[in-house]
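One structure below.
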Amino acid sequence: MTTAQPGWTPAPRAGIVPLHPLTFGTVLGRSFVALRQNPRVLLGFALGMQMATYLVLLVAVGGIAFASFSRLATVPVSSPDYLDLFAGATAITVISSLVLGIASSALTVIVQGVVVADVAHGVVAEKLTVGALWRRIRPAFWRLFGYTLLSSGAVLVAVAVLAAAAFALGLLALAAGIVAAVLFFLAAIPLSLWLTTRLFLVTPILVLEGSGVFAAIARSWRLTRGRFWRTLATWLVIMVGFYVITQIIGVPLNLFSGMFIGVLSPTGDPDVAGFIGIFLLGLVIQILTLLVQSIALVVNATAACLVYVDARMRTEGLDLDLQSYVDQRQMGAGVADPYRWHIGRTAAPQPASWPPQPAPWPGAYPAPEASGYGAPPAYTSPAYTPPEPDASAPPTGSTQPAADRPADEPTTPPATDWAPPQAGPERR
């Protein structure tokens, strides 16, 4: 007679982060390492889209500026119409830059959404194609674009109001206007850092939870409560790091371009070949700068997604949901999106020790009063001597009625199976 052996199932592949609350170093390090998990998406689509957007914007704004200011070449500087034409060309260039910048933000939103979706699937060791990721973020596209317009409009309105106030004070007293402008600028620095940190998770919430814009803003505010400094440090380290990289690349190239221009046109009047060389050198510098900025955008979106996952693990037990999802997927069961399970749930207390210890058998020594794992270092467990068996006690499995048995005699071994809590308090 043969006994059927259970089928062997390989262990699930590890995701880009472990399925438990993350440390600051893990979030920061994995934000950079995630680039190589799905390079076709993060390094191919995302960077290609960003560079194409920047180049189209640069060419469009440059063409409009060239067409606007070229009219000034036909007007003498001493002409009374020169200042009016100059002001008109400047206004056209600035307005077109703002409009085209807002339009290009739609492509930037797509990049951020694709990166967030890819990282969220990478947490549970899934790798999707660009088409599958686009289908995932398509329902949230207009909400993402609306949030971009809302945030950009709020910044423009705030800057306009403060500039108008400083200008009005400057008309009354020049010194007061200058002081007000300096104070407004200094106050805007901590205010922008504070708002950026509290709204850092809006994009992951819009993509992964499907909520509205204002609901996502409120939820980001709640999830970053108590994690302000960690979130700010993550964003600040990434931005400062890429700014330093940009300067390391840009400063030597700018110095080299100055010497190159001096060689091509020692008299200050370059010919056609010199003009082409200067243009190509400037284009190379701009492309390298845009490449660094594009990578910074991808890493920043990756960090936002990981901070979101960590915040939900600590407050809503998302790690339990993700582990359950991985287990069910490994068994071949079709399961829904785990990021939409138990959104916003409040946790119940967890056991005092982790992992919880099973109940001791009668006659065993009680567990020492210790916190954390096991006994304290100074505690030595005494040797255990099993009690002498009682000859009058019925043998195991006897049919003695339950009413005749001692009250403290267990009829069955105590249950030791423990199920993880549905939720727990925030884990530090």
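The values are calculated or read from the model by the stated rules, or taken from the named source; none is laboratory data. All values reported here derive from a predicted model rather than from experimental measurement. As a convention, Cβ positions derive from the backbone with ideal geometry for all residues, glycine included, and neighbour counts pool all protein chains shown. Accessible surface areas use protein heavy atoms only, side chains included; no ligands, DNA or RNA. Shrake-Rupley method; radii C 1.70, N 1.55, O 1.52, S 1.80 Å.
Listing for the model above:
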item: Number of the condition not met by Gly317 [criteria: (1) over 18 Å from Met49 (Cβ atoms); (2) more than 24 Å from the chain's Cα centre (by Cα); (3) at pLDDT 65 or above]; result: (2)
item: Selection within region 327-339 - part of a helix (DSSP H, G or I) and either open to solvent by 10 Å² or more (accessible area, probe 1.4 Å) or basic (Lys, Arg) (or both); result: Asp327, Gln328, Arg329, Gln330
item: Residue in region 352-373 that is buried (at least 21 other Cβ atoms within 10 Å of the Cβ), modelled with pLDDT under 90 and at positive phi present; result: no
item: Residue selected from region 77-130 under the condition open to solvent by 70 Å² or more (accessible area, probe 1.4 Å) and among the polar types (S, T, N, Q), by the criterion nearest to Gln330 (Cα to Cα); result: Thr129
item: Residue check for Thr74: touching a residue at least 12 places away in the same chain (Cβ under 8 Å) and polar (S, T, N, Q); result: no
item: Residue list for region 131-155, restricted to those being open to solvent by 80 Å² or more (accessible area, probe 1.4 Å) and either closer than 17 Å to Ser211 by Cα or free of Cβ contacts under 8 Å to residues at least 12 places away in the same chain (or both); result: Arg135, Arg138, Pro139, Trp142, Val155
item: Looking only at region 188-213, and only at residues there that are open to solvent by 50 Å² or more (accessible area, probe 1.4 Å) and out of contact with any Leu (no Cβ under 9 Å at 6 or more places or on another chain), the one that is nearest to Ala120 (Cα to Cα); result: Leu195
item: Options Val326, Val299, Val335; residue that is β-branched (Val, Ile, Thr), modelled with pLDDT of 60 or more, under 30 Å from Ile205 (Cβ atoms) and under 21 Å from the mean Cα position of the chain (by Cα); result: Val299
item: Number of the condition not met by Leu162 [criteria: (1) closer than 28 Å to Ala304 by Cα; (2) surrounded by 14 or more Cβ atoms within 10 Å (Cβ to Cβ); (3) touching a residue at least 24 places away in the same chain (Cβ under 8 Å)]; result: (1)
item: Condition met for Leu291 (closer than 16 Å to Thr246 by Cα, of a type in the set (A, V, I, L, M, F, W, C) and modelled with pLDDT of 70 or more); result: yes
item: Within region 41-76, tally of residues that are β-branched (Val, Ile, Thr), closer than 21 Å to Ile95 by Cβ and surrounded by fewer than 16 Cβ atoms within 10 Å (Cβ to Cβ); result: 2
